[in-house]
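Enquirer: Pasting in a structure now, in structure tokens, and then I'll have a few things to ask.
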Amino acid sequence: MDEKPLLLVVDVGNTNTVFGIFQEGQEIPDFHKRTVTRRERTSDELGFFLKGFLSQENVKSDRIKTAIYSSVVPSLNPIVERMLEDWFGVNPLRVHYQMKLNFGITYPRPFEIGADRLVNAAYSVKAFPGRKTILVDLGTATTFCVLNEKPEYIGGVIAPGLKISMDALTKNTAQLPPIVFEAPSKVLGGSTIESIQSGFYYGWIGLLKGIVSEIKREMPGDYIVIGTGGLVSTIHASSQNQVFDLIDPMLTLKGLKILADLNSEPK
């Protein structure tokens, strides 16, 4: 059995926390696991969950020699760090704007850039060197990150998240039922559920296209538009409503691996 050392990457989001395992020299995770982000969860609960996940994949936990995490939930940072130290014996690297990055930052308030956005930017720079990119992440919030060809992080846009917007609509209206986000067969719905699905599907395509178009108008150039996040595949599947040049649901985990490698190099 292969006993090479492993890298553990952790992406702590407002809604979900995702763990990924990388072998040395690989750019794609061997496997990953998603769990609900619970702010009341203890380090031991998180460690027990992760140990169980590794056991299911027949991976010995002592093979994990390094770890990196990004978090947009500051209260969970010490929980994650203690879990990794106590359960895996590793001192994790935390993603922040002052770490070694593969891009510059001209954003006036760099300390406000979310760790997830730094990670996504690291991926786009590595994957598309010398190209202008717009990176769209359909998470709890819908974020747009813009990088120029130098490469530099120059700014972004934050819009409401798709899922929380859907939840807000159904929770605050007495007669509207919860729905599953999917592409409708036609724009005019024949039922309440079809009408809501159409409104969110075409409404979000309009939001995405509109913001991307405005970015390109304000800052002209040949951009690659990259999409990631849990619902990005549903939007990208519609050929007549193409928003993205490409999508990659594993983009954030890959970005964490890039930053882990970059910060393990001698300075």
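The values are calculated or read from the model by the stated rules, or taken from the named source; none is laboratory data. Just so you know, these numbers come straight off a predicted model, no measurement behind them. Counting neighbours? That spans all protein chains shown, and the Cβs are built from the backbone with ideal geometry, glycine included. For the accessible areas, the whole protein counts, side chains as well, though only heavy atoms, and no ligand, DNA or RNA atoms are used. Shrake-Rupley method; radii C 1.70, N 1.55, O 1.52, S 1.80 Å.
Enquirer: What distance in nm separates the two pseudo spin-label positions at ILE193 and LEU262, each 7 Å out from Cα along the beta-carbon direction?
Expert: 4.5
Enquirer: Pop a pseudo-label 7 angstrom from the Cα along the beta-carbon direction at both ARG109 and SER185 and give the gap in nm to one decimal.
Expert: Output for this residue pair reads 4.8 nm.
Enquirer: What part of the accessible area of the chain, given as a whole %, is carbon or sulfur when the probe is 1.4 angstrom? Write out the running numbers ahead of the final one.
Expert: On the way: 6970 of 13330 Å².
C and S atoms contribute 52 percent here.
Enquirer: Here is a further query. Roughly how far apart, in whole Å, are the Cα centres of region 44-106 and region 118-170?
Expert: With region 44-106 and region 118-170 each reduced to a Cα centre, they are spaced 23 Å.
Enquirer: A further question follows. What FRET efficiency would be calculated for the residue pair SER213, ARG131, taking the C-beta separation as r and a Förster radius of 22 Å, to the nearest 0.05? Don't skip to the answer; put the middle values down first.
Expert: Values: r = 18 Å, r/R0 = 0.84.
Step by step, r from the Cβ atoms, then E = 0.75.
Enquirer: Something else about it: Skip the ligands, DNA and RNA, and give the accessible area per residue of region 6-94 with a 1.4 Å probe, whole Å².
Expert: Working: 4450 Å² over 89 residues.
Ligands and nucleic acids excluded, the result is 50 Å² per residue.
Enquirer: For TYR223, enumerate residues with amide H under 5 Å from its amide H, sequence gap 5+ or separate chain, H modeled in the peptide plane.
Expert: It is none; the list stays empty.
Enquirer: What FRET efficiency would be calculated for the residue pair ASP62, GLU40, taking the C-beta separation as r and a Förster radius of 25 Å, to the nearest 0.05? Show your work: numbers first, answer last.
Expert: Working: r = 29 Å, r/R0 = 1.16.
In this case the efficiency is close to 0.30.
Enquirer: Sticking with this one: Tell me, what ³J(HN,Hα) does each residue in region 96-110 have, in order and in whole Hz, if you take phi through Karplus 6.51 cos²θ - 1.76 cosθ + 1.60 with θ = phi - 60° and put x for Gly and Pro?
Expert: In residue order, the calculated couplings are 7, 5, 8, 6, 6, 10, 9, 8, x, 10, 10, 4, x, 10, x Hz.
Enquirer: So if each residue of separation counts as 0.36 nm, and I subtract the Cα-Cα distance between VAL157 and ASP30, what length gain in nm does that give? Kindly include the intermediate steps, with their values, before the conclusion.
Expert: Numbers: separation 127, 0.36 × 127 = 45.72 nm, distance 3.21 nm.
Stretched out fully, the VAL157 to ASP30 stretch lengthens by 42.5 nm.
Enquirer: Roughly what would the spin-label model give for GLU3 and ASN77, points 7 Å off Cα along C-beta, in nm?
Expert: That separation, rounded to one decimal, is 3.7 nm.
Enquirer: May I ask you to derive the FRET efficiency for ASP86 and LEU246 from their Cβ-Cβ distance with R0 = 51 Å, giving the value to the nearest 0.05? Numbers along the way, then the final one.
Expert: Numbers: r = 39 Å, r/R0 = 0.77.
Calculated value: 0.85.
Enquirer: Where Lys and Arg each count +1 and Asp and Glu each count -1, what net charge lies around ILE211 among other residues with Cβ under 14 Å from its Cβ?
Expert: Working: positive: LYS209, LYS216, ARG217; negative: ASP137, GLU214, GLU218.
Neighbourhood net charge equals 0.
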